[in-house]
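K.L.:
Here's a structure for you.
The values are calculated or read from the model by the stated rules, or taken from the named source; none is laboratory data. These numbers come from a predicted model, not from an experiment. Backbone-built Cβ (ideal geometry, glycine too); neighbour counts: all protein chains shown.
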């Protein structure tokens, strides 16, 4: 993936901020020791979990093993988050985001706000239709929004416990949101709530504390520990963007790091696709380019089918390889900007929802899409932020190294180069 700027590897992992006041020092140290013991036990459990593995070959295996991953590993993460949130509730003077980061920022650069009551999301439910884009909004009878399903897309935005995400070494911005992005078994259409698959699946998702798209993303951000499955494949851990010099002598036209690493390069194993077999390059082990990040999150970890190559316009249900081909041939409806050569309007930006794919044109002609990211949400200043894997941070980030991760009306590189969005 092409990407703007370059920089040596930066530690952008969340840290415990020095602003914690001295009277709390003993309490913090005690909780850190307790959390360390709990985390060690958690990691021992996770390391033996079966996860989606290229060794198994097919997309069908990917889906079934992802379900097993949720049951065995992501539930553990959700339980741990709830336990630490309870500790935060008992210590309201502590900064929640930085305190949580200090305890377990290696896998969770976010804090879950205490006091969430799942019963507020209980049915019966009311389903209403909306446009711009066409979608179904699910609410309780009292009017509380529970979920948003968009026609033609599998991503679903659920309301859940509020979380605050921080990346203090690369930005002063934090993002607080109650949106949890999950993947439905099927693409949505009007009236799909009457389908046989819907109700049992929906009830399992409402108010769930299992890590969603962004919880899984945190397992690849700087400082995240390695997680290894029962077949010896490291399936999670801090990712890098690319090596400074490829063994093949390739030169990225936009910088000094190789921009060709897909998710199976990160994994270091072969992976079978409907259109061929991906063979990893050893020099790219642990690396992800921008579309590689999208594919390891939505594809490998969440189960969206993928292609080895770039597909064609007839492709509607799989994620192709590169940012330009995801824009041209990828699944899900365009929200705005299809084929655009100019930046979106404020009305366009108002349609964005957590989890949407964003596309950028950073090359000299500013025409062809050459970078992609995932919309995150508004920071505390109201700026629309996204996550992506890029050279500036040498890894996944929503920070500001060599360009603010912001789209909008400003003059920042990503605001200027932003072209459009689609919801998959």
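K.L.:
Going through 270, 248 one at a time, which residue ends up being modelled with pLDDT under 90 and not assigned by TED's automatic domain parsing to the domain that holds residue 184?
P.N.:
It is 248.
K.L.:
May I ask you to list the residues in region 256-266 that are closer than 14 Å to residue 290 by Cα and modelled with pLDDT under 90?
P.N.:
Result: 257, 258, 259, 260.
K.L.:
Also, I was wondering about something else. Condition test on residue 361, is it in the same structural domain as residue 421 (by TED's automatic domain parsing) and either over 19 Å from residue 163 (Cα atoms) or more than 15 Å from the chain's Cα centre (by Cα) (or both)?
P.N.:
The answer is yes for residue 361.
K.L.:
Could you tell me whether residue 332 is assigned by TED's automatic domain parsing to the domain that holds residue 219, part of a loop (DSSP other than H, G, I, E, B) and closer than 27 Å to residue 169 by Cα?
P.N.:
Spelling it out, it is not the case that residue 332 is assigned by TED's automatic domain parsing to the domain that holds residue 219, part of a loop (DSSP other than H, G, I, E, B) and closer than 27 Å to residue 169 by Cα.
K.L.:
Could I ask something else about it? Given 403, 408, 382, which one is touching a helix residue (DSSP H, G or I) at 6+ places or on another chain (Cβ under 9 Å) and more than 25 Å from residue 287 (Cα to Cα)?
P.N.:
408
K.L.:
Would you mind finding the one in 179, 142 that is assigned to a loop (DSSP other than H, G, I, E, B) and at pLDDT 95 or above?
P.N.:
Working: 179 fails: assigned to a loop (DSSP other than H, G, I, E, B).
Only one candidate qualifies: 142.
K.L.:
Separate question: Among residues belonging to region 126-150 that are touching a residue at least 40 places away in the same chain (Cβ under 8 Å) and over 20 Å from residue 354 (Cβ atoms), point out the one that is surrounded by the most Cβ atoms within 10 Å (Cβ to Cβ).
P.N.:
127
K.L.:
Kindly indicate the residue of region 314-329 that is touching a helix residue (DSSP H, G or I) at 6+ places or on another chain (Cβ under 6 Å) and assigned to a loop (DSSP other than H, G, I, E, B) and also surrounded by the fewest Cβ atoms within 10 Å (Cβ to Cβ) among those meeting that condition.
P.N.:
315
K.L.:
Mind checking whether some residue in region 290-297 is surrounded by fewer than 21 Cβ atoms within 10 Å (Cβ to Cβ), outside any strand (DSSP E or B) and at pLDDT 95 or above?
P.N.:
Within region 290-297, not a single residue is surrounded by fewer than 21 Cβ atoms within 10 Å (Cβ to Cβ), outside any strand (DSSP E or B) and at pLDDT 95 or above.
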